[in-house]
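Visitor: Submitted below is the structure of interest, expressed as C-alpha cells.
We did not get these values from a lab; they are worked out from the coordinates using the rules stated. A quick note: this is a predicted structure, and the numbers were derived from the prediction, not measured. Here the Cβ positions follow ideal geometry from the backbone for every residue, glycine too, while neighbour counts run over all protein chains shown.
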Amino acid sequence: MMIINPVMSADEQSELIASIKTEIEHAGATIASENHPGERDLAYKIRGSSTGFYLLYTLESEKPDFFATTKAFNIKADIWRHMFVRIDE
C-alpha cells in the first residue's frame, strides 16, 4: 500500500506509477492485482496535506526481499508512505 502526493498532474502520476511498477518487477515480484482507490482523506496531515492518493498492490514473490525497493521508494519525494505486508497462507 502506498500514499502518494495528490497534487501531481495526471502525467506525473502515471510516470510515478510506472516507476513504482518497474521497481517492484526489479525486486523479482509480480503484481497479482492492483487497486487505485484514488484520493482519500488522511487520518493526519502529511506534508501539510489532509488528503493523499492511495495505491494498493497485491504482489507475488518467491523471495520476499524488498529492502532495495524500500530504499528506492524512500528517496522518491512524491511517495509519502509505503508499507509491505506479508500474507501467510
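Visitor: Enter the mean projected area of the convex hull around the alpha-carbon atoms of the chain, in nm², rounded to one decimal.
Guide: Across all orientations, the chain yields a mean hull projection of 6.0 nm².
Visitor: If you don't mind, there's one more thing I want to ask. Normalised radius of gyration for the stretch 1-42, please: alpha carbon Rg relative to 2.2 N^0.38 Å, two decimal places.
Guide: Numbers: Rg = 11.4 Å, N = 42, 2.2 N^0.38 = 9.1 Å.
Output field value: 1.25.
Visitor: Further question on the same structure: So which GluC sites (Glu not before Pro) in the stretch 11-77 are both in a DSSP loop and have at most 12 other Cβ atoms within 10 Å of their Cβ? Write down the numbers at each step before the final one.
Guide: Details: sites: GLU12, GLU15, GLU23, GLU25, GLU34, GLU39, GLU60, GLU62; in loops: GLU62.
Those that pass, being in a loop and sparsely packed, are GLU62.
Visitor: Note the angle between two axes, namely the Cα long axis of helix 10-26 and the longest principal axis of the Cα atoms of the chain, as a number of degrees from 0 to 90, rounded to the nearest 10.
Guide: Compared with the principal axis, the helix lies near 20 degrees.
Visitor: Can you sort HIS36, HIS26, HIS82 so the residue with the fewest Cβ neighbours within 10 Å comes first?
Guide: HIS26, HIS36, HIS82
Visitor: If I take every Cα pair under 8 Å that is 6 or more residues apart in the chain, average their sequence separation and divide by the length, what percent do I get for the relative contact order?
Guide: Over the chain, the number comes to 42 percent.
Visitor: A further question follows. Pulled fully out, how much extra length does the chain show between ILE17 and LYS45, if you take 0.36 nm times their separation in residues and subtract their Cα-Cα distance?
Guide: 7.9 nm
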